[in-house]
Amino acid sequence: MKKLLLAALLATSVEAMAEEKIYELEFETDSNWTSLEIRDDAVFVNAPAGQSMNVTAKDGLRSYTISPKKIHLRSRTRGLVNMNLFVKSKNNVLGLIICKGSPSSYTWIKSEQSKQKNDLKKKDHCEQAALVLNLF
């Protein structure tokens, strides 16, 4: 019983040490629609104090939807869209599903440590990715 109690106490203290951090990511696409979905316990968040989120669309956006787990963009044409966004996570790696519309388009997301790109020549293509947020 003491071992079980000690194991539970140790697990709780290890969880408390895993602090949630906010990471800034860069995102770019030239697809007519794209989405990013988080596959793990991380969430998209508002910009921290003193920073801002920016979206730039060459030919304008038709729609832009952001929820804690998913971002969906639909642009007016296949013009370039850039944005920075923020994610809060306890993990050092972010699991994502990156989707894009046009077969000749691309979508990429980048952290300070790595970059993931979806540029396969398929229409309405989604692929799973792992983005390194922080090296140990």
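Some observations on this one:
- A crude spin-label estimate for the pair Ala130 and Lys58, with each label 7 Å from Cα along the Cβ direction, gives 3.4 nm.
- Electrostatic bookkeeping for Leu94 treats Lys and Arg as +1 and Asp and Glu as -1; over the other residues with beta carbon under 14 Å from its beta carbon, the sum is +1.
- Surface share of carbon and sulfur [accessible, 1.4 angstrom probe, percent] for the range 71-136: 49 percent
- Here the Kirkwood formula puts the hydrodynamic radius of the chain at 16.1 Å, using every distinct Cα pair.
- The long axis of helix 2-17 is offset from the longest Cα principal axis of the chain by roughly 40 degrees.
- Net charge over other residues, Cβ less than 9 angstrom from the Cβ of Asp59 (K, R count +1; D, E count -1): +3
- Each peptide in 28-39, 94-105, 73-84 was scored by the mean count of other Cβ atoms within 10 Å over its residues; highest first, the order is 28-39, 94-105, 73-84.
- Spin-label proximity, Leu120 to the range 74-104 - amide N less than 12 Å from point 7 Å beyond Cα toward beta carbon: 98-100
- Shape of the range 35-79 from the C-alpha gyration tensor: oblate (a/c of 1.5 or more and a/b not above b/c, with a ≥ b ≥ c the square roots of its eigenvalues).
- Summing Lys and Arg as +1 and Asp and Glu as -1 over all other residues whose Cβ lies under 13 Å from the Cβ of Pro103 gives a net charge of +2.
- Reachable lysines, given that their alpha-carbon falls under 27 Å from the alpha-carbon of Lys69 and they are not under 8 places away in the same chain: Lys21, Lys58, Lys88, Lys90, Lys100, Lys110, Lys115, Lys117, Lys121, Lys122, Lys123
- Helix-only arithmetic for the chain: the sum of -39500 (n - 2.57) across DSSP H runs with n ≥ 4, divided by the residue total, places the mean residue ellipticity at 222 nm at -4000 deg cm²/dmol.
The values are calculated or read from the model by the stated rules, or taken from the named source; none is laboratory data. Worth saying up front: this structure is predicted, and the values here are computed from it rather than measured. Every residue, glycine as well, gets a Cβ built from its backbone with ideal geometry; the counts of neighbours run over all protein chains shown. These accessible areas exclude ligands, DNA and RNA; they are computed on the full protein's heavy atoms, side chains included. Shrake-Rupley method; radii C 1.70, N 1.55, O 1.52, S 1.80 Å.
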